[in-house]
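The values are calculated or read from the model by the stated rules, or taken from the named source; none is laboratory data. On a predicted model such as this, the values are computed, not experimentally measured, just so you know. Because the Cβ atoms are built from the backbone with ideal geometry, glycine has one as well, and the counts that use them run over all protein chains shown. Keep in mind that these areas ignore ligands, DNA and RNA; they rest on the heavy atoms of the full protein, side chains included. Shrake-Rupley method; radii C 1.70, N 1.55, O 1.52, S 1.80 Å.
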Amino acid sequence: GCVLVVSVIEQLAQWHNSTVKAAMERLCDYIPGKYQIMCHMLCCIDKEMNADVVCHSLRLCKQDPGQPLCHLYSPPELHHFRELMHPSTFIFPPFQKSFMGFSSVCAFPLLANLCEKIKYVLRNKLPFEDFDGDKFSTFPTLRGYHWRGRDCNDKNTTVYPGRRPNNWDAKSDSNCNGIWGVDPKDGIPYEEKFCKGADSKGVVLLGDSAGAHFHIPPEWMTVTQMSTKSFDNLPMAFSDELDWPQFSEITGFLNSTIGGWTDSLYLRLRKRNRCNHRDLQNISQNGIRGRLIQEIRSGLARNQLLDYPAIVIYATIGNDVCNGERDTLAHMTTPKEMLSNVVKALRYLDSHLPNGSHVILTGLVDGRFLWDNLHDRYHPLGQLNKDVTYSQLYSFLDCLQVSPCSGWLTPNETLRNLTSERALQLSNVLKEIARSEKFTNFDVFYMDFPLKQTAEEWRKMGGEPWQLIEPVDGFHPSQIAAALGTGITWQKALDEWPQVLGKENPFNDQIEAIFKDQGGY
C-alpha cells in the first residue's frame, strides 16, 4: 500500500512539474475527509528516491531475515539502497513518527472505527446495519443492500425480500417487491393477481472475490486521469471491502459507474418476472475457498417454509488453486477435499432451501489467460514512465507473499500449467457431483466458467482480451467480462435448463405501470 501511494505522489509531482510536497497536498485534496491521514504521513519524500526506498525508510516495508528484498521498481545498488532506506535519511515531523511501523491503515485512529465495522461484517457475512435481525438492511454498504435485496421495513423481522407474501400483501408489502394492495375494480390483491403461480424465485451467489466483484479503480493511481472526483467513491469502496456486488455478474442491479455496463442474472430474472424484485443475495468473500459451509451457515437468509425457492450459484472459480504461498502447489485444494467440502455445503443447503430450488456449480477458470494477455503490458502505475509491467507487479506481490495466485501469476510456465491441471481436476469433481448426487429440495447442474466464450464474444465486438481483466490487480474479471458472462450463462440455461429460470410473467407490463414508483431498488 505504501509503495502504491508513494508512487502516485511522485508521479503527480512529475506530471504537474511540482515539488513532492505540493503533489502530496494535491493528493490529499483529492482524498475525502478522514482518509487523508494515509497521505499526510508521507510528507517528507525525496523526489530522487523511488517508492521502494521511501517505504522501507518509513518501516512500512521491511525485509525479514533470510528473505529476499521485495521491490516494485528497479533497485539502486544494494549498498546505496541500505543507506537510503535508513530512517536517519529523513527528517520526520513529530506527528509522522507516530505512524512509522504501522502494518495496517486500520492502526490509524481515525480509521479504527470503520475498520472494526468491516471486521464485524467479515466475521459474520451479515449487514452491519440490520435493526430487526432478518439479515437484510436499508443501508447500502457494510454488507447492506449492495449485497442483498433492500429491506423495506427494518423494524419488522417478518418483512424481507424473497418471502412468500403474507395474506397476498393486501395491506402491506411483506416481501419488498413493491407489489401490494387490492385492485379496487375486483377486490383481488395485486400480489395474488400478478404473482400467484408465477414461479417466483430468488438468486443466491456463493462465491469468492470474483463473485463479490473486486475492483480497485484505475483512476486512483493513474495521475494523468486524476482529479477531485477520482476518489469520490473511496468511502463506499472501502466499506464494501473494495467489492462492487451491485454491478456484478450474478447480483448486479445498479448501472455501472466503473466502466462497461451492468448485466446480471438477477436483472434478467427480474425482467422475466417482475415479482422477483429485490430477491437477491451475494454471499461472497475475498479469498474464500471451497470450504464455504461457514459462510453459508452465517450468511444465507432463506426460510424453507416461508420463502420462495432460489437459484443458487456456487462459484469459487480460482481460490482453491490460488494462494500466495512459496510452495503454492502444496496449499491447493485436493480433489478429495473439494468433494468433501462441496457435498457438505450442498447437504446443508438441502436442509435450508425451499423445495423447487436449483443449484448451479461453476467450474474453475483457466487462469493462464492472465499471464498470456497481461505480463508484458504496462500496469497503470507504469504507464507514465513505462517502468512497471504486470510481470514486475506479479513478482513484487509474490515476493511479499501476498500474490492472489502464485501458480498463475508467474513466469514459470510449468507452474502455470500445473495450476491449470489442478483447476481442471477440481472442475471435474464438481461435474461428477452434479451428475451423481441427488438432493431432496433442489436439482444440481454444472457449467464450465465461460472465459473462452467471453473472450470470443468480446473479440467479435472489437475488443482485446486484456480488457477482460481488472487493470489494477491484473487478476479479477473486469466489468466487461462480468456483463458478457451473464449473457453466456443465461443462454446456456435457456437452452439446457429452462426450468431453472422459470416462466415469463405475462403481467410484467401491468405491474410496471401500476407500481413503477414503488419498486425502488
At q = 0.08, 0.10 Å⁻¹, base-10 log of I(q)/I(0) for the stretch 202-500 (Debye sum, equal scatterers on each alpha carbon): -0.34, -0.54
On Cα atoms only, tilt of 20-30 relative to the major axis of the chain in degrees: 10 degrees
Note, ³J(HN,Hα) from phi for the stretch 169-175, Karplus 6.51, -1.76, 1.60, rounded to Hz, x at Gly and Pro: 6, 5, 10, 7, 8, 7, 10
With all protein chains modelled, accessible area of Tyr160 [1.4 Å, Å²]: 20 Å²
Nonlocal amide H pairs with Thr389, under 5 Å, H built at 1.01 Å: His379
Under the Karplus curve 6.51 cos²θ - 1.76 cosθ + 1.60, θ = phi - 60°, whole-Hz ³J(HN,Hα) for the stretch 188-204, x wherever Gly or Pro sits: 8, x, 4, 4, 5, 5, 9, 10, 5, x, 8, 6, 5, 7, x, 10, 10
Residue-averaged [θ]222 nm for the chain, counting only DSSP H segments that reach four residues, each worth -39500 (n - 2.57): -10500 deg cm²/dmol
Per-residue SASA entry for Asp448, accessible area with 1.4 Å probe, Å² rounded to 10: 90 Å²
Rg over Rh [alpha-carbon atoms, Kirkwood Rh] for the stretch 217-369: 1.01
Residue-by-residue Karplus 3J(HN,Hα) for the stretch 502-507, coefficients 6.51, -1.76, 1.60, Hz, glycine and proline x: x, 8, 7, 7, x, 9
Burial ranking of peptide ranges 234-243, 136-145, 59-68 (average Cβ count within 10 Å, highest at the top): 136-145, 234-243, 59-68
Amide H partners (placed H, <5 Å) of Phe139, local residues excluded: Tyr145
Antiparallel DSSP beta bridges within the chain, as percent of all bridges there, nearest 5: 20 percent
Acute angle (nearest 10 degrees) that the helix 335-350 long axis makes with the longest principal axis of the chain, alpha-carbon atoms: 40 degrees
Reachable lysines from Lys438, criterion Cα separation under 25 angstrom, eight or more residues apart if same chain: Lys201, Lys336, Lys344, Lys492, Lys503
0 to 90° range, to nearest 10: angle between helix 451-460 axis and the chain longest Cα axis: 80 degrees
The stretch 149-308, Cα convex hull volume normalised per residue, Å³: 150 Å³
Rounded to the nearest 10 Å², the accessible area of Asp29 at probe 1.4 Å: 120 Å²
Size of the chain as Cα extents on the principal axes (Å, biggest first): 84, 47, 42
For Phe445, residues with placed amide H under 5 Å, excluding near neighbours: Val359, Ile360, Leu361
Stokes-Einstein D (µm²/s) once Rh is taken as the Kirkwood radius of the stretch 471-521 over alpha-carbon pairs, at 4 °C in 1.567 mPa s: 91 µm²/s
